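Every read-out reported here was derived from the displayed coordinates using simple, explicitly stated rules and does not represent laboratory data. Everything numeric here is computed off the predicted structure, so don't read it as measured data. Glycine gets a Cβ as well: all are built from the backbone with ideal geometry, and neighbour counts include every protein chain shown.
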Amino acid sequence: MSETSESVVILGASNKPERYAYKAFVTLLKYGHEPIPVHPDVSEIEGVPVFPNLASVEGKVDTMTLYVNPTISEPLVDEIIALQPRRVIFNPGTESALLKEKLEAADIAAEESCTLVLLETGQF
């Protein structure tokens with residue numbers, strides 16, 4: 001990995017090429033980042049093992065990008081905070097005022113944006 005690469009948890013990862021979570025996975029790889037896919041029902045994406053839950057993720061997490069709706073993400077707030085990502089990206093449709101408030105209270109930046117746009121425009 002280059003000095004600018006990040007480890008990125010993809011919450012709600014997908015092995016389906018038409019899904020934005022899958023597109024984020026391959027685009028993160030394209031830009032030299034380390035995607036860490038998390039989904040309870042997917043075992044691997046393009047040969048990369050998928051973690052069944054956030055509690056099984058180990059090591060430093062720079063960014064977490066959300067591809068799940070608030071009914072899934074909000075109950076995971078303690079697990080998200082425990083990973084201590086530098087920031088959490090709320091992709092369109094994943095926004096949660098409650099989760100954003102709790103993340104910011106834990107000193108974790110919360111950003112409403114699109115991971116794909118950030119990557120493709122050099123703003124990631």
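Evaluated with a Cβ-only charge set (Lys, Arg +1; Asp, Glu -1), the chain carries a dipole of roughly 220 debye about its Cα centre, given to the nearest 20. Kirkwood radius and radius of gyration were both taken over the C-alpha atoms of the range 67-106, and their ratio Rg/Rh is 0.91.
Since only 14, 97, 76 are under comparison, the one whose Cα sits farthest along the positive direction of the charge dipole of the chain, derived from C-beta charges on Lys, Arg, Asp and Glu, is 14. Only DSSP H runs of four or more residues enter the estimate; each adds -39500 (n - 2.57), and after division by the residues of the chain the mean residue ellipticity at 222 nm equals -7500 deg cm²/dmol.
Counting charges near residue 120 (Lys, Arg +1; Asp, Glu -1) among other residues having Cβ under 11 Å from its Cβ returns a value of +2.
Subtracting the Cα-Cα distance of residue 106 and residue 31 from 0.36 nm times their residue separation leaves 24.1 nm of extension gain.
Each other residue within a Cβ distance under 12 Å of residue 66 adds +1 if Lys or Arg and -1 if Asp or Glu, for a net charge of -2. For the range 48-80, backbone nitrogen atoms closer than 19 Å to the point 7 Å from residue 120 Cα along Cα-to-C-beta are found at 65-67.
Relative to the compact-globule estimate of 2.2 N^0.38 Å, the Cα radius of gyration of the range 7-120 comes out at 0.95. Restricting attention to the range 7-120, lysine pairs at least eight places apart or on different chains and with alpha-carbon atoms under 27 angstrom apart total 7.
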